[in-house]
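None of the figures in this text is laboratory data; all of them are computed from the coordinates on show. Because the structure is a prediction, the values reported are computed rather than measured. Cβ atoms come from the backbone with ideal geometry, glycine included; neighbour counts cover every protein chain shown.
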Amino acid sequence: MASFTLHGIPVSRGIAIGRAHLLRPAARDVKHYLISEEKVEAEVVRLTDAIAAVNRELQAVRRDLPADAPSELAAFIDVHALILADPIVATEPLKIIRNRHYNAEWAWLTQIDELSAQFDEIEDAYLRERKNDIRQVGERVLKFLTGTASTFPTSSDPLEELPQMIVVAHDISPADMLQFRDRAFVGFVTDLGGQNSHTAIVARSLDIPAVVGMSTACSLICEDDWVIIDGDAGIVIVDPAPVVLEQYREVQSQLIRERKKLGKLKKTPAVTKDGTRIHLLANIELPEDCSPAVEAGAVGVGLFRSEFLFMGRAGGPHRLPSEDEQFESYRKAVVLMKGRPVTIRTLDVGADKPLDKDEETALNPALGLRAIRYCLAEPQMFLTQLRAILRASAYGPINLLIPMLAHAFEIDQTLLFIDQAKQQLRDAKKKFDPNIPVGAMIEIPAAALTLPLFIKRLNFLSIGTNDLIQYTLAIDRVDHEVAHLYNPLHPAVLYLLSTTIAAGAKAGIPVAVCGEVAGDTKLTRLLLGMGLREFSMHPAQLLSVKQEILNSDLDQIEPQVKKILKTFDSAAIADGVERLRAS
Ligand code: PEP
Ligand code: MG
């Protein structure tokens, strides 16, 4: 096949080279991981056992059919038993486990998908319909397998010699994306998605090259095709010529060398050339992310997206983590940060982060019942989370961050709930930090335009540029059709950013930026020149931002940024930012 190139939106940097693995919608709930050589036979047994168990189940159902059951029912069960006995169904997946080292669920589903696709090609409508039988048999076996799921491989499993794989999917939810951490994949390509969709953010936090918004990747890329992802340029090269592959391997090694060099900055304090101290903090999704954050030299967690503890949980939207479960997670983060502050954001679900995938979505989810609006509508759930966070504050410094505030009454209600949670803990004789700082995300333009309301009542601010840009420019951050209009350098965005930073400085309360712009080295000097002193980003971005800070001189930058902020001309702004970087 001839090589071809697809263009999309770059969301996570670096080069990935590997074989394509097409992730179909049905496959998203199934665990995907590679198993090491010595565990192959155990995995084969697991699948064989599951097939045998379903077989026994079918025989039992057949035997116990009531005498008056319609005859089609017996025939239907017989068809399923026949399918299950067919070597193409029953033995091919065993070969996939042995040859490709897929886990049992993945191997099974790969074969079921393959067979279903073959049935789609059949002209005879009756036979084509049999595809549903194959799917149903597939589901039954999967159900058995999930009950016996083996644990994920540890990093010590010798998997290096296996081929690297790249996920190609129409779309991946943020919770599903999170499942891929430490698994088999080295890159992601999706048809849908924007630069700052939560799926893109999670891909970035996994530090794996990714390109989204490709529109047709799923239909043009085939299983096992060789694929190169250029995460910086936002391109995907399918079936590259050997010379191209060679060039990219060279770039990849160069990037690895540069990264190693950056590693030397881990312990260097982030101070500008003129001696100004900058605080570099980490954005995390799960408590385990604290270790890479400390490793990268973060002086604290600037944003713990607590919703990832709530999303994608088995048992539907009402299976929320209990107070104790949450407390353990927050405490774990605090302990892992060893005395550095942890800013925990209360639940921000809704929009592109539904609690449950099957939940009915609102008409305009980004404008709907999201974040603090959701929490205020679910007081028991909110109080449970507040108590859990407060209890963890007895083990180390925690800041409480509230997302999506826009109205004065929302601030009042939130503070009342915090007081109530504190009282409940006092009554229960549980310890907490009574002076826990409470801050607001500034991510709705209305909030950025009414800052005195926030400064008067709260202890700190954190600017969520991902949403601030979305709501200021009316660009859905998830929609790839409008991704080209999502521009952090729009003068309206710069105005809201710079005035918020200035207002915080004037009032003497800390202001951080925790949106994706904080980790973008192209914007580091612009933010420094606006007066920003706290940047919160994925641990993987921290050292490059630090390098930029070490090379920056505020005395030079500030007058240039002042000029940039005076213009409304986008070309002049882009030019000014370019010159700022080169200065
Ligand atoms: C933001 O909006 O910038 C932010 C940090 O929050 P999230 O991306 O989770 O909406
Ligand atoms: Mg936000």
Discussion item. If you restrict to DSSP beta bridges whose two residues both lie in segment 267-582, what percentage is antiparallel, to the nearest 5?
Written reply: 5 percent
Worksheet item: How far is helix 71-85 tilted, in degrees, relative to the longest principal axis of the Cα atoms in the chain, given as a value from 0 to 90 rounded to the nearest 10?
Response: 80 degrees
Worksheet item: Once the Cα atoms of helix 40-63 and of the chain are each reduced to a long axis, what angle between those two axes, in degrees from 0 to 90 to the nearest 10, is obtained?
Response: 60 degrees
Worksheet entry | Farthest toward positive dipole pole in segment 26-146 [+1 Lys/Arg, -1 Asp/Glu at C-beta], among L65, Y33, V137 | Y33
Item to complete: Let me have the 222 nm mean residue ellipticity of the chain computed from DSSP H runs of 4+ only, each contributing -39500 (n - 2.57), with the sum over all residues rounded to the nearest 500.
Response: -14500 deg cm²/dmol
Worksheet item: Any idea how far the Cα center of segment 73-97 sits from the one of segment 267-297, in Å?
Response: 54 Å
Fill in: Helix 539-550 vs. the chain, principal-axis angle (Cα, 0 to 90°, nearest 10)
30 degrees
Worksheet, complete the sentence: GluC sites (Glu not before Pro) in segment 65-144 lying in a DSSP loop, each with at most 16 other Cβ atoms within 10 Å of its Cβ, come to E121, E123
Practice prompt. May I ask you to derive the relative contact order of the chain, considering only C-alpha pairs under 8 Å and at least 6 residues apart, and to give it as an integer percent?
Written response: 15 percent
Item to complete: Once you have the Cα-Cα distance between K338 and D427, take 0.36 nm times their residue separation minus that, and quote the gain in nm to one decimal.
Response: 29.1 nm
Worksheet item: To the nearest 20 debye, what charge dipole does the chain have about its Cα centre, counting +1 at the Cβ of each Lys and Arg and -1 at the Cβ of each Asp and Glu?
Response: 3060 debye
Item to complete: Evaluate the relative contact order of segment 26-146 (contact order divided by residue number), counting alpha-carbon pairs under 8 angstrom at least 6 apart; express in whole percent.
Response: 37 percent
Discussion item. Rounded to the nearest 5, what % of DSSP beta bridges with both residues in the chain are antiparallel?
Written reply: 35 percent
Practice prompt. Would you mind working out the magnitude of the charge dipole of segment 196-281 relative to its Cα centre, with +1 at each Lys and Arg C-beta and -1 at each Asp and Glu C-beta, to the nearest 20 Debye?
Written response: 1000 debye
Discussion item. Using each residue's phi in segment 241-258, evaluate 6.51 cos²θ - 1.76 cosθ + 1.60 at θ = phi - 60° and report the 3J(HN,Hα) Karplus result to the nearest Hz, with x for Gly and Pro.
Written reply: 5, x, 5, 5, 4, 4, 4, 5, 4, 5, 4, 4, 5, 4, 4, 5, 5, 4
Practice prompt. Take Y374, Y248 and order them by how many other Cβ atoms sit within 10 Å, fewest up front.
Written response: Y248, Y374
